[in-house]
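Novice: Sharing a structure below in structure tokens format, with a few things to ask.
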Amino acid sequence: MGKGGGCFPSKNRPPPVVESDPDSAQNPVDNDDDDSVPIETVNPIVEIRKLRIFIVFYSTYGHVESLARYIKKGVEEIDGVEGVLFRVPETLSPDALSAMKVPAKSDDIPEISAEELVEADGLLFGFPTRYGSMSAQMKAFFDSTGGLWKEQKLAGVPAGFFVSTGTQGGGQETTAWTAITQLAHHGMIYVPIGYTFGAGMFKMESVRGGSPYGAGVFSGDGSREPSERELELAQHQGKYMAMMVKRFQPNTRNG
């Protein structure tokens with residue numbers, strides 16, 4: 001043979017094709033002496049991850065936290081969706097909190113960092129009002145999301161708000177709608193509840209927080225507890241948001 005002859009097929013020639021015998025394919029040989037063990041085909045188990053709605057809030061005296069816990073209940077009424085509670089970092093000093101008689105935070109809810117927001121399929125932000133807009137703690141948290149904004153990591157994520165105010169004219173609507181600018185710059189999709197709560201949105205026999213922008217509570221001087229109607233509205237918002245997040249899937253956000 002010449003150099004390399006018979007070792008490798010020519011690059012200019014297609015490799016030989018071996019044709020199978022059609023009769024042998026149609027009439028396989030029955031081998032009675034075959035001692036092989038039949039292999040059972042096992043379908044792989046595919047774990048389906050639940051969609052996650054992060055309920056991110058700041059609460060001074062516990063009113064917003066109460067709404068957040070009921071929102072989580074509502075979220076988890078929808079199959080395949082779970083609610084995850086987070087606090088934003090405190091900005092006041094321990095001395096200031098003590099002077100304001102702010103109760104200690106519960107240990108079962110962790111603080112969140114801005115970078116963790118990208119893990120959510122939906123976001124609900126809760127905060128008390130400060131002169132008709134969000135509290136400084138929540139604003140400081142949004143200010144820390146510049147890196148996410150730069151790369152539009154949250155674009156396309158459904159998001160909404162729930163609030164607390166001291167009085168009926170204290171900002172049940174303005175506290176939410178002045179926060180919409182945060183979502184707009186991130187490219188998030190604002191999801192208000194509208195009047196989907198039905199007749200509960202029109203009842204006038206008692207004081208009730210909340211609006212088409214989202215759930216709400218009146219805190220008064222801090223001693224008033226959320227009413228049953230306010231908690232029901234919060235639970236409804238959670239359920240409604242979970243339904244919307246499922247509708248928005250598959251998620252097409254950047255990153």
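The values are calculated or read from the model by the stated rules, or taken from the named source; none is laboratory data. Model, not experiment: these values are computed from the prediction. Cβ coordinates were reconstructed from backbone atoms using ideal geometry, including for glycine residues, and neighbour counts include every protein chain displayed. All accessible areas refer to the heavy atoms of the entire protein, side chains included, with ligands and DNA or RNA removed. Shrake-Rupley method; radii C 1.70, N 1.55, O 1.52, S 1.80 Å.
Novice: Give a quick list of chymotrypsin sites (Phe, Trp or Tyr not before Pro) in region 97-158 that DSSP marks as loop, anything other than H, G, I, E or B, with at most 15 other Cβ atoms within 10 Å.
Specialist: Tyr131
Novice: Take Asp121, Asp95, Asp107 and sort them by solvent-accessible surface of the protein heavy atoms, 1.4 Å probe, largest at the top.
Specialist: The residues order as Asp107, Asp95, Asp121, largest area first.
Novice: In region 121-186, carbon and sulfur make up what percent of the accessible area (probe 1.4 Å)?
Specialist: 58
Novice: Which lysines does Lys50 reach when only Cα atoms under 26 Å apart count, and residues fewer than 8 places away in its own chain are ignored?
Specialist: Hits, sequence-local ones excluded: Lys72, Lys73, Lys153, Lys239, Lys246.
Novice: Give the accessible surface of region 44-89 per residue, rounded to a whole number of Å², with probe radius 1.4 Å and ligands, DNA and RNA excluded.
Specialist: Counting only protein heavy atoms, the per-residue value for region 44-89 is 47 Å².
Novice: For region 151-221, what is the accessible area per residue in Å², given a 1.4 Å probe and the full set of protein chains?
Specialist: Here the residues of region 151-221 average 42 Å² of exposed surface.
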